[in-house]
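Working notes for the structure below.
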Amino acid sequence: MRKKNTVARTPSTTSRAIPGAGRRVTSYDVALLAGVSQSAVSRCFKPGASISQATHAKVMQAAISLDYIPNAAARSLITRRSNLVAVIISNLANLYYPQVLSDLSQQIARQGKRLLLFTLEREADIGKVLCDVWQYQVDGAVVAACLSDEQMAEFGRRDVPLVLFNRSPREHAVHAVLCDQAEAARLLVSRLAEAGHRQFAIIDGPGDSAVAQERKAGMLDRLLSLGLPAPIVVSGNYDYASGGRGLRKVIDRLGRVPDAVICGNDIMAIGCLDTARHQMGIQVPLQMSVAGFDALDASGWLSYDITTLRQPVQKMATDAVAMLGELMERRGGSAERRRYCSYLVEGSTARLTVEQPYFGMMAAA
C-alpha cells in the first residue's frame, strides 16, 4: 500500500520551498502548513478576533517557520478598511506636538491601526494635503489645523470620521477636543494685572493659526475689560527668532520696556527672554515679566523657568482617539465637543504677586 503523503507541521521538518522560489509567502501557505483554514490564519493576525489557543499556537509556529508577514494591503481589500488614521498638523505647530504625536500613535496602535502623518507648511495649505489623504483611503482623521466649512463637509461626503484636535469647529457639526485658548489667555492677563502690571505687549503667533488668534483675542478682551492701556502687538512665527525680534519691535514702538510681554508660545518666550537678559540688559522679572503658552519641557529648565500655561495634551490625545474609534465603529450620532482647561505654571520669569523680592539683590546684599 502506498503511504499517504502529509504536510509536515513542525519547524524542524518544514521546508521554506512550499511557496516556490521567489514567491511571496501567503496566508494559504501558512494554513496548509498549520493544517487549518485560511480564515483561521486571518483571525490570528486580527487584534481582538476569536481564536483558540491551540489553533493560534499552530498558526504562529507555521508563520514563523515560513517567515510569513501579513499583507496589510490585501487585508484591506477584504475588510474594506485601510487600518490607517490620518493625523494632520502644521509644521509651525507648537513644539509640544511631538508629545501629542507619540500619545496619538500609541492610542491608535491599541485599536489595531496605524498613524499616517501629514504636515502643513502653513495651516492655509490644508486643501493641498487633503488630496493626498483621500488617496490613502484612511479610516478616520485627527486634524490639528483649521478647516473650512466645505472641507469639513467633504469628510462627511466621503464617509471619513473626523475629530478636530485643539481647533474649534465653530458652528459646524464636527467632533472636537480642544482647550479653551481664550479663557487661558484671560487667566494669564488677570494674574499679571493683579500683580500690578499695566502696560502689556503681545508677541503674536502666525496669522493663519486658529490657536494663536484665539489666544490674542482672549488677551485683548481681558485687557479691555480691565480698562488697561492698549497693548503693543507684534507678529511672530512661533519660532525662537520671533521672540527676540518681537521684543525689539515692542520697545521701539513703545519707547520703553513694557511691564509684561506675553508670547504666543514658549519657544518665542525663550527667545524674548534670552534677548532681554543677554543682549538688552533687561532684568527679568524685576523690570519686565515674560510669559508664554504650552509648558514645553525646555520652558522648565533652570536657565528659563518660564511662567506659562499647560494644556492637558495627553488626556486630549487619549480622548480624541477614543472619540474617533467610536465614530469608526458606529458612524453617525450627534457631534460632541469636549473642552479642557489650561492651568498656570508659575515660573520665575513673571511677577505674580504685588510684592515679589528680587533674589539677585538679596544675594548681593
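The values are calculated or read from the model by the stated rules, or taken from the named source; none is laboratory data. Since this is a predicted model, take the numbers as computed values, not measurements. Here the Cβ is made from the backbone with ideal geometry for all residues, glycine too, and neighbour counts use every protein chain on show. Note: accessible area is taken over every heavy atom of the protein model, side chains too, but ligands, DNA and RNA are not part of it. Shrake-Rupley method; radii C 1.70, N 1.55, O 1.52, S 1.80 Å.
Can you spot a residue in segment 288-310 that is surrounded by 13 or more Cβ atoms within 10 Å (Cβ to Cβ), modelled with pLDDT of 95 or more and among the acidic types (Asp, Glu)? The answer is yes; a qualifying residue exists.
Only residues that are farther than 27 Å from Pro206 by Cα and at pLDDT below 85: list them for segment 97-133, please. Listed by number, the list holds a single entry, Gly112. Evaluate segment 271-279: report whether one residue or more is in contact with a Lys or Arg (Cβ under 8 Å, 6 or more places away or on another chain), assigned to a helix (DSSP H, G or I) and within 30 Å of Gly156 (Cα to Cα). Checked segment 271-279: no residue is in contact with a Lys or Arg (Cβ under 8 Å, 6 or more places away or on another chain), assigned to a helix (DSSP H, G or I) and within 30 Å of Gly156 (Cα to Cα).
For residues that are open to solvent by less than 60 Å² (accessible area, probe 1.4 Å) and of a type in the set (Gly, Ala, Ser), scanning just segment 21-36, find the one that is nearest to the chain's Cα centre (by Cα). Lay out the reasoning, then the answer.
Step one: of segment 21-36, the residues open to solvent by less than 60 Å² (accessible area, probe 1.4 Å) are 25-27, 29-31, 33-36.
Pick out the ones that are also of a type in the set (Gly, Ala, Ser) and you get 27, 31, 34-35.
Numbers: Ser27: 36, Ala31: 41, Ala34: 43, Gly35: 45 Å.
Step by step, filter segment 21-36, then rank; the result is Ser27.
Checking segment 311-326 against the condition returns no match, with no residue being closer than 30 Å to Pro229 by Cβ and of a type in the set (Val, Ile, Thr). Is it true that some residue in segment 94-106 is more than 16 Å from the chain's Cα centre (by Cα) and closer than 27 Å to Ser334 by Cα? Checking segment 94-106: not a single residue is more than 16 Å from the chain's Cα centre (by Cα) and closer than 27 Å to Ser334 by Cα.
Only residues that are in contact with a helix residue (DSSP H, G or I) (Cβ under 6 Å, 6 or more places away or on another chain), outside any loop (DSSP other than H, G, I, E, B), under 26 Å from Leu164 (Cα atoms) and of a type in the set (D, E, K, R) were counted across segment 195-237, and they come to 3. In segment 307-325, the residues that are outside any loop (DSSP other than H, G, I, E, B) form Cβ pairs under 7 Å with partners that are surrounded by fewer than 18 Cβ atoms within 10 Å (Cβ to Cβ) and among the basic types (Lys, Arg), at six or more places apart or across chains, as follows: Asp319/Arg338. Scanning segment 280-306 for residues that are polar (S, T, N, Q) and outside any loop (DSSP other than H, G, I, E, B), we see that the one that is farthest from the chain's Cα centre (by Cα) is Ser289.
Those helices (runs of 4 or more DSSP H) of segment 23-72 in which at least 1 residues are farther than 25 Å from Ile108 by Cβ and charged (D, E, K, R), considering only elements entirely within it, cover 27-34, 53-66.
What do you reckon, is Asp159 open to solvent by 60 Å² or more (accessible area, probe 1.4 Å) and farther than 24 Å from Val313 by Cα? Show your work before the answer.
On the way: open to solvent by 60 Å² or more (accessible area, probe 1.4 Å): yes; farther than 24 Å from Val313 by Cα: yes.
Criteria met by Asp159.
Scanning segment 312-339 for residues that are in contact with a helix residue (DSSP H, G or I) (Cβ under 6 Å, 6 or more places away or on another chain) and either modelled with pLDDT under 90 or open to solvent by less than 40 Å² (accessible area, probe 1.4 Å) (or both), we see that the one that is farthest from Ser299 (Cα to Cα) is Val321.
With touching a Gly at 6+ places or on another chain (Cβ under 8 Å), without any contact (Cβ under 8 Å) to a residue 60 or more places away in the chain and open to solvent by 10 Å² or more (accessible area, probe 1.4 Å) as the only criterion, which of Asp252, Asp221, Asp274 stands out? Please lay out each step first, then the result.
On the way: Asp252 fails: touching a Gly at 6+ places or on another chain (Cβ under 8 Å); Asp221 fails: touching a Gly at 6+ places or on another chain (Cβ under 8 Å).
Exactly one residue qualifies, and that residue is Asp274.
Within segment 155-191, the set of residues being over 22 Å from the mean Cα position of the chain (by Cα) and of a type in the set (Asp, Glu) comprises Asp159, Glu171. Within segment 115-136, is even one residue more than 24 Å from Val313 (Cα to Cα), in a loop (DSSP other than H, G, I, E, B) and in contact (Cβ under 8 Å) with a residue 12 or more places away in the chain? Checking segment 115-136: at least one residue is more than 24 Å from Val313 (Cα to Cα), in a loop (DSSP other than H, G, I, E, B) and in contact (Cβ under 8 Å) with a residue 12 or more places away in the chain.
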